[in-house]
Amino acid sequence: MKSLFKWVGTTGMTGLLVFSTAVSAENNYGQRLEYLQTAWQKKIVPVKNGQAKPSIVTAVTAFCEAWRTDVCDDVLLYIRNPKRFKNLYNQDNDAAYDVTIDQSNGFVMANDEGGDSPYLFATLWRRTNGHTLLGIHTGKPVDPVIDVVLFYDYDPKTGQLVPEKRISDYLTSKKYGQVEMTWVELPRKGKDVRVSAYGGEPAIEYTFKFNGMDFDEPTIEMQ
């Protein structure tokens, strides 16, 4: 698991202090994700300088400032100081931890290419009523596994992200049958959300098409 802490002491006492701090921080981050999982739908998030149509960076910054999870802190560091971020995480590693920001497509991704670090994916949709829809998929794959899909409606009149639990429930509560896991893929290109269900035979992919406001009933493809 990635850690922001390095061994800096030359004595056993100093090393123990740094190790204890790292363990405490990791546990705290895990607790933040668990709290996010249960409490996000109760919290309205203010957006600074959101104006009529916030960018993906503006929207994700607001979300991450409201929910300071481990991966959110990484995303904020990348947004504010990408050089420091790249110095912190060795980009030459086989499984380098990285953040991708695609402004033109309204997409942000933070992950370590299949490792065990926390992850975050975010996508923007422009709604036909002048609002903006923000989707967030975040979590961590180990100790314990946490996987959360969140949606928010941004109202330009209030400058706030309001939880859209109805959409989150709709995309994640389908009857997938006897499967070991599902994965919600927020789009980088296009507007459709894909949900893959694994573990059963055959694997199934659900595609939810965006209709300008919400998502239609899915089309189903056997893999």
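The values are calculated or read from the model by the stated rules, or taken from the named source; none is laboratory data. Note that the structure is a prediction, hence the values are computed from the model and not measured. Backbone-built Cβ (ideal geometry, glycine too); neighbour counts: all protein chains shown. Note: accessible area is taken over every heavy atom of the protein model, side chains too, but ligands, DNA and RNA are not part of it. Shrake-Rupley method; radii C 1.70, N 1.55, O 1.52, S 1.80 Å.
Could you please report the charge total around residue 194, scoring K, R as +1 and D, E as -1 over all other residues with beta-carbon less than 11 angstrom from its beta-carbon?
-3
Tabulate in residue order the Karplus-calculated ³J(HN,Hα) for the range 117-130, using 6.51 cos²θ - 1.76 cosθ + 1.60 with θ = phi - 60°, rounded to whole Hz; enter x for Gly and Pro.
7, x, 9, 8, 10, 9, 9, 10, 10, 8, 8, 5, 8, x
Can you give the local net charge around residue 161? Use residues other than it whose beta-carbon is closer than 10 angstrom to its beta-carbon, Lys and Arg +1, Asp and Glu -1.
Local net charge: -2.
What are the residues whose amide H is under 5 Å from the amide H of residue 164, where those residues sit 5 or more places off or on another chain and H is modelled from the backbone?
Those lying under 5 Å, H to H, from residue 164 are 151, 152, 153.
Rounded to the nearest 0.05, what FRET efficiency is calculated for residue 68 and residue 219 with R0 set to 45 Å and r the Cβ-Cβ distance?
Working from the Cβ atoms, E equals 0.75.
Spelling out what I want: for every residue of the range 35-44, take phi, set θ = phi - 60°, compute 6.51 cos²θ - 1.76 cosθ + 1.60 (Karplus), and round to whole Hz; glycine and proline get x.
With coefficients 6.51, -1.76 and 1.60, one gets 5, 4, 4, 9, 10, 4, 6, 9, 10, 7 Hz.
If R₀ is 25 angstrom, what is the calculated FRET efficiency for the pair residue 183 and residue 211, using the beta carbon separation as r and rounding to 0.05?
Step by step, r from the Cβ atoms, then E = 0.65.
Got a number for carbon plus sulfur as a percent of the range 65-146's accessible area, 1.4 Å probe?
Roughly 44 percent, rounded to a whole number.
Once you've got the Cα coordinates, tell me which of 53/83; 86/140; 43/140; 165/191 are over 25 Å apart.
Beyond 25 Å between Cα atoms: 53/83.
Hey, with R₀ at 35 Å, roughly what FRET efficiency would residue 157 and residue 81 work out to, going by the Cβ-Cβ distance, to 0.05?
Rounded to the nearest 0.05, the efficiency is 0.60.
How large is ³J(HN,Hα), in whole Hz, for each residue of the range 160-167 in order, when computed from phi with the Karplus curve 6.51 cos²θ - 1.76 cosθ + 1.60 and θ = phi - 60°, using x for Gly and Pro?
Working through the residues one at a time gives 10, 8, 9, x, 10, 4, 4, 6 Hz.
Given the Cα-Cα distance of residue 51 and residue 166 and 0.36 nm per residue of separation, how much length would full extension add, in nm?
38.9 nm
Let me check I've understood the local charge: for residue 122, count other residues with C-beta under 11 angstrom from its C-beta, Lys and Arg +1, Asp and Glu -1. What total comes out?
0
Given a 1.4 Å probe and heavy atoms of the protein chains only, how would you sort 71, 57, largest accessible area at the top?
57, 71
Sorting 131, 137 by accessible area (1.4 Å probe), largest first, what list results?
131, 137
Taking the highest mean first, how do the peptides 76-88, 161-173 order by number of other beta carbon atoms within 10 angstrom per residue?
161-173, 76-88
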